[in-house]
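The values are calculated or read from the model by the stated rules, or taken from the named source; none is laboratory data. Just so it is clear, the structure is predicted and the values come from calculations on it, not from any experiment. Using ideal geometry, Cβ is built from the backbone for each residue, glycine included, and neighbour counts are taken over all protein chains shown.
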Amino acid sequence: MSGVAVSLSSTNCCLPSSRSITEAEIRHVMSLRKEKDLVDSTTSGDKAKDWVCGTSKVRATHAIYQIYHAQYCREAMYAMAEFMSYVGNESELRPKVTLESEGRYRFAIVDDNQDEIVTLNKDLTWINLPTTPTVIVSPPVSFPDERTSLLEEHTASGHNLPRVKVSSTAERSPRVENSMTKHWLKSLQDDAYQAPGAKYTFEQIRNMEPDVLDRNKSYFQLLFPTSQKHESKGKGALLTKPMAVEIQESEHLQQCVAARLDFMLDFWGLKREGNRVSITDEVKAQSRWEKATYDHNMDRICQTVQFLKQVGFEDCAMSLHDVLTEYLPVNAARGRDKSKLEKVTLTLRQKLDAQNLGYRVVSL
């Protein structure tokens, strides 16, 4: 099996990538005792090739190192989510996480037949954590100088979350964004908690009058944050890989996401049963998005589809996409509104193609 490799995805559409990580290279990374050895062996040429080809081989190898040397499941899971984001769709080898007996996770590289080629780590449990009062692990960033920490429990640890000097998303460092992630996760757990950069709590949003919900533009990023800096409005948290992994591992957080989703669906005249979304109130739907004139709620639904896809709720994201695609009256629109509605349908499709920031698919 020495000739097989993990093919890497490329962001350079003009220069298709043929870069990959071979089994031998994976085993070499696993043989290194210190991450400094990996840093020292990385040349400027390796980084230049990534820049030219639009690949992330350097970061991918660091993620492999973190998976192999992880002592606790959470840090391995974050690194696996990072590694998965660099793998091409046509790769003959792929990373895989398996939940085995007694809640133990196995991290491996498998082929098309699901045969294991390389075991990256095994026998890690989600609750297999240090006994110190504050549990700190690494989030999915690839280099030691960028690495920060995420608390294992955001409300039960007995420790206050770090204070954050709120700035725009474009100005925030990885360390500050990591702190914003902690606060957002706490706000997801606690309806009355106001995270830094957020103007409201979910409890306050839930008590808003419909006309306020419609015209207020300050709350939506809290409910369904975007992962893209250029799309973010205000100073709220961006959607990050740790958020996706935590949601995918916690039924409680999934229920919290469902509560926020159901609240907004009702506002749009929609209802969710499991992963299936349908129209239940035509009056609400026709006044907010099911009409031949552009409405900002159409963009909000697009952002919700992207959020659901990126945190792993792929079937629900698809169902919401299908409802909007089927009932949005593009053909009835005229002039500028027709162009805007056509753009909405295109954006909706692009949002559905967003990458899962975690490591698995989950259901609501």
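Is it the case that region 246-254 has a residue that's within 18 Å of Leu185 (Cβ to Cβ), part of a loop (DSSP other than H, G, I, E, B), over 19 Å from the mean Cα position of the chain (by Cα) and modelled with pLDDT under 95? No: region 246-254 contains no residue that is within 18 Å of Leu185 (Cβ to Cβ), part of a loop (DSSP other than H, G, I, E, B), over 19 Å from the mean Cα position of the chain (by Cα) and modelled with pLDDT under 95. Restricting the first residue to region 325-353 and requiring it to be acidic (Asp, Glu), which pairs with a second residue that is part of a helix (DSSP H, G or I) meet a Cβ separation below 9 Å and a spacing of at least six or different chains? Filtered contacts from region 325-353: Glu342/Val330; Asp353/Lys309. From the list Val166, Val176, the one residue that fits, being modelled with pLDDT under 90, part of a helix (DSSP H, G or I) and surrounded by 14 or more Cβ atoms within 10 Å (Cβ to Cβ), is Val176. Every condition in (1) surrounded by 16 or more Cβ atoms within 10 Å (Cβ to Cβ); (2) among the hydrophobic types (A, V, I, L, M, F, W, C); (3) more than 17 Å from the chain's Cα centre (by Cα) is met by Ala192 except one, and the failing one is (1). Residues in region 206-245 that are touching a helix residue (DSSP H, G or I) at 6+ places or on another chain (Cβ under 7 Å), without any contact (Cβ under 8 Å) to a residue 24 or more places away in the chain and either in a helix (DSSP H, G or I) or not charged (D, E, K, R) (or both): Tyr219 alone.
Taking the conditions exactly as written (out of contact with any helix residue (DSSP H, G or I) (no Cβ under 7 Å at 6 or more places or on another chain), farther than 27 Å from Ala63 by Cβ, among the polar types (S, T, N, Q) and surrounded by 14 or more Cβ atoms within 10 Å (Cβ to Cβ)), does Gln248 satisfy them or not?
Working: out of contact with any helix residue (DSSP H, G or I) (no Cβ under 7 Å at 6 or more places or on another chain): yes; farther than 27 Å from Ala63 by Cβ: no; among the polar types (S, T, N, Q): yes; surrounded by 14 or more Cβ atoms within 10 Å (Cβ to Cβ): yes.
No; evaluated as a whole, the condition is false for this residue.
Any residue in region 27-55 that's more than 23 Å from Thr119 (Cα to Cα): show its pairings with residues that are in a helix (DSSP H, G or I) and modelled with pLDDT of 85 or more at Cβ separation under 6 Å, as long as the two are six or more apart or on different chains. Correct list of pairs: Thr42/Val58; Asp46/Val58; Lys47/Val58; Asp50/Lys57; Asp50/Val58. From Gly269, Gly236, which residue is on the phi > 0 side of the Ramachandran plot and surrounded by 15 or more Cβ atoms within 10 Å (Cβ to Cβ)? From the options Gly269, Gly236, the qualifying one is Gly269.
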